[in-house]
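Working notes for the structure below.
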Amino acid sequence: MKKLVALLLAICMVACMFVGCAEDEAETTAAPVAEDTTAAPEAEDTTAAPEAEDTTEAPTEEIPAAIITKVALVTDVGTIDDESFNQACWQGVEAWCSANGVDYTYYQPAEDSTDARVLSVGQAVSEGANVIVMPGYLFGTTLIETQEAYPDVYFVAVDVGSGDMTYDYTTYYEPAANAVCMTFAEEQAGYLAGYAAVKDGYTQLGFLGGMAVPAVIRYGYGFIQGADAAASEMGVNININYTYGGQFYGTPETTAKMEGWYEAGTEVVFACGGGIYSSAVEAANKYEGKVIGVDVDQSYIDPCIITSAMKGLQAVVETTLGDLQAGNWANYSAQFKTFSLNEGDYVGIPTAEASWKLNTFTVEEYETVKAEIMDGTRVIDNSSDAEVLPTVSANTTVEVIG
């Protein structure tokens, strides 16, 4: 019996030894696992400051290369081949995107309305565009409605000024941080065209505007001032017929009016307003008259076009897209920007040999006048009040025709 008890005690002691060893082993292997998963040094390494500092370099190296994914241009009432500002802006989009490997397209709204333009913008965004180019003052209300609806999209509104950002001409809105509104000093371009025409010997002039919107008014008022300045310098008397067609395209009625002008002795007409030039060109060819084009160099359209009052639409679109891609949007964000000769070579008349059809006024004389505008020697009124014509000298008579 005593032997049996001793044997049982021995077995128990051995069992306890094994259990104790197992517990010790469990404790020594479990602790390192718990320490590894909660170890502070490893957590600190994953958010180390040097890695955060490296990411701050991205805006100048990584982000600009991919910031523009797709560019879309939405036309106003014109088309991308209107030989005027829609086409010039489209050429800017096309040139920049092609050179930089960026996808691009355009949308033409179904009708002339804010709702239709907003719908086209929405379609462009849904199809991947993160930059929208809007050419024309009609996009003022469209921009008001879309700039905050699409905060991650950049809006480049060309020819949209502060006076266009309104529904009722009582309450006015500002461009948001993702938008820029850009206008030009059309009065300077118009001045140079009018000055050149009179200096070249024309004394019976006409101005045919599209609609009496600020940009067109500035063109016309600059044209009057330039023609008057040249007339005063030369000591000659000039006459200027002045009218608006009420639309940005040619019509039989507008053509008939221009035919009446040319038949009565008008020598050259500044046709200012999208496709309305077609009426002036048709009438000019019937009576051997001349035409001055607008927005872009239109000399290629017809031999009767002797010069054009231009603004750098294509160049500005390309520059803006390039600056956006380079991370310089702060130069445009929430701003109304005006491009004039005071800031650079943004407006003028074409000087290429193939485009220069003036007979006595020279390129050298033109450059002199342009330089005087640049340095402030020649000051041009940039009023766009359709009810008040510029003051002229006794050498100039302006006849407003309804």
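The values are calculated or read from the model by the stated rules, or taken from the named source; none is laboratory data. Just so we're clear, the structure is a prediction, and the values are computed from it rather than from any experiment. Neighbour counts are summed over all protein chains in view; Cβ atoms, including those assigned to glycine, are modelled from backbone coordinates with ideal geometry. Heads up: the accessible areas ignore ligands, DNA and RNA and are worked out on the full protein's heavy atoms, side chains in. Shrake-Rupley method; radii C 1.70, N 1.55, O 1.52, S 1.80 Å.
Do the conditions hold for residue 265, that is, is it part of a loop (DSSP other than H, G, I, E, B) and touching a strand residue (DSSP E or B) at 6+ places or on another chain (Cβ under 6 Å)? Give the derivation first.
On the way: part of a loop (DSSP other than H, G, I, E, B): yes; touching a strand residue (DSSP E or B) at 6+ places or on another chain (Cβ under 6 Å): yes.
Here the answer is yes, as residue 265 does meet what is asked.
In the range 246-258, what residues are within 13 Å of residue 282 (Cβ to Cβ) and either of a type in the set (Gly, Ala, Ser) or open to solvent by less than 30 Å² (accessible area, probe 1.4 Å) (or both)?
Quick first cut of the range 246-258, residues within 13 Å of residue 282 (Cβ to Cβ) only: 249-258.
Passing the criteria: 250, 251, 254, 255, 256, 258.
Which condition does residue 294 not pass, out of (1) part of a loop (DSSP other than H, G, I, E, B); (2) within 30 Å of residue 70 (Cα to Cα), if it passes all the others?
Result: residue 294 passes all but (1).
Is it true that some residue in the range 342-363 is among the basic types (Lys, Arg) and either more than 29 Å from the chain's Cα centre (by Cα) or surrounded by fewer than 11 Cβ atoms within 10 Å (Cβ to Cβ) (or both)?
yes
Note down all Cβ pairs under 8 Å where the first residue falls in the range 288-303 and is touching a residue at least 12 places away in the same chain (Cβ under 8 Å), the second is among the basic types (Lys, Arg) and open to solvent by less than 20 Å² (accessible area, probe 1.4 Å), and they're at least six residues apart or on different chains.
Cβ pairs passing all conditions: 295/311.
Of the residues in the range 168-212, how many are part of a loop (DSSP other than H, G, I, E, B), open to solvent by less than 50 Å² (accessible area, probe 1.4 Å), over 20 Å from residue 233 (Cβ atoms) and out of contact with any Leu (no Cβ under 9 Å at 6 or more places or on another chain)?
2
Does the range 94-128 hold any residues that are open to solvent by 90 Å² or more (accessible area, probe 1.4 Å), of a type in the set (A, V, I, L, M) and farther than 17 Å from residue 82 by Cα, and which are they?
Within the range 94-128, 119 is the sole residue that qualifies.
When residues of the range 139-176 are filtered for being in contact (Cβ under 8 Å) with a residue 40 or more places away in the chain and touching a Pro at 6+ places or on another chain (Cβ under 8 Å), how many remain?
The total comes to 6.
I'd like to verify a number: residues in the range 151-167 that are part of a loop (DSSP other than H, G, I, E, B) and either β-branched (Val, Ile, Thr) or surrounded by fewer than 18 Cβ atoms within 10 Å (Cβ to Cβ) (or both), how many?
5
Mind checking whether some residue in the range 112-132 is hydrophobic (A, V, I, L, M, F, W, C) and part of a strand (DSSP E or B)?
Checked the range 112-132: at least one residue is hydrophobic (A, V, I, L, M, F, W, C) and part of a strand (DSSP E or B).
Could you list, in sequence order, all residues of the range 330-384 that are closer than 30 Å to residue 130 by Cα, out of contact with any Ser or Thr (no Cβ under 8 Å at 6 or more places or on another chain) and not in a loop (DSSP other than H, G, I, E, B)?
Within the range 330-384, 330, 331, 335 qualify.
Of the conditions (1) touching a strand residue (DSSP E or B) at 6+ places or on another chain (Cβ under 9 Å); (2) surrounded by 15 or more Cβ atoms within 10 Å (Cβ to Cβ), residue 314 clears all except one; give me its number.
Status for residue 314: all satisfied but (1).
Among the candidates 230, 283, single out the residue that is without any contact (Cβ under 8 Å) to a residue 40 or more places away in the chain, farther than 30 Å from residue 377 by Cβ and assigned to a helix (DSSP H, G or I).
Among 230, 283, only 283 is without any contact (Cβ under 8 Å) to a residue 40 or more places away in the chain, farther than 30 Å from residue 377 by Cβ and assigned to a helix (DSSP H, G or I).
Return yes when residue 327 is at positive phi and outside any helix (DSSP H, G or I) and no when it is not.
Yes; evaluated as a whole, the condition is true for this residue.
For the range 163-173, name all the residues that are within 10 Å of residue 137 (Cα to Cα) and touching a strand residue (DSSP E or B) at 6+ places or on another chain (Cβ under 7 Å).
165
In the list 113, 98, which residue meets the criterion of being at pLDDT 85 or above, more than 18 Å from the chain's Cα centre (by Cα) and of a type in the set (S, T, N, Q)?
One residue alone meets the criteria, 113.
Which numbered condition trips up residue 203, out of (1) in contact (Cβ under 8 Å) with a residue 40 or more places away in the chain; (2) touching a helix residue (DSSP H, G or I) at 6+ places or on another chain (Cβ under 7 Å)?
(2)
Within the range 319-331, how many residues turn out to be surrounded by fewer than 20 Cβ atoms within 10 Å (Cβ to Cβ) and either in contact (Cβ under 8 Å) with a residue 40 or more places away in the chain or not acidic (Asp, Glu) (or both)?
Qualifying residue count for the region: 9.
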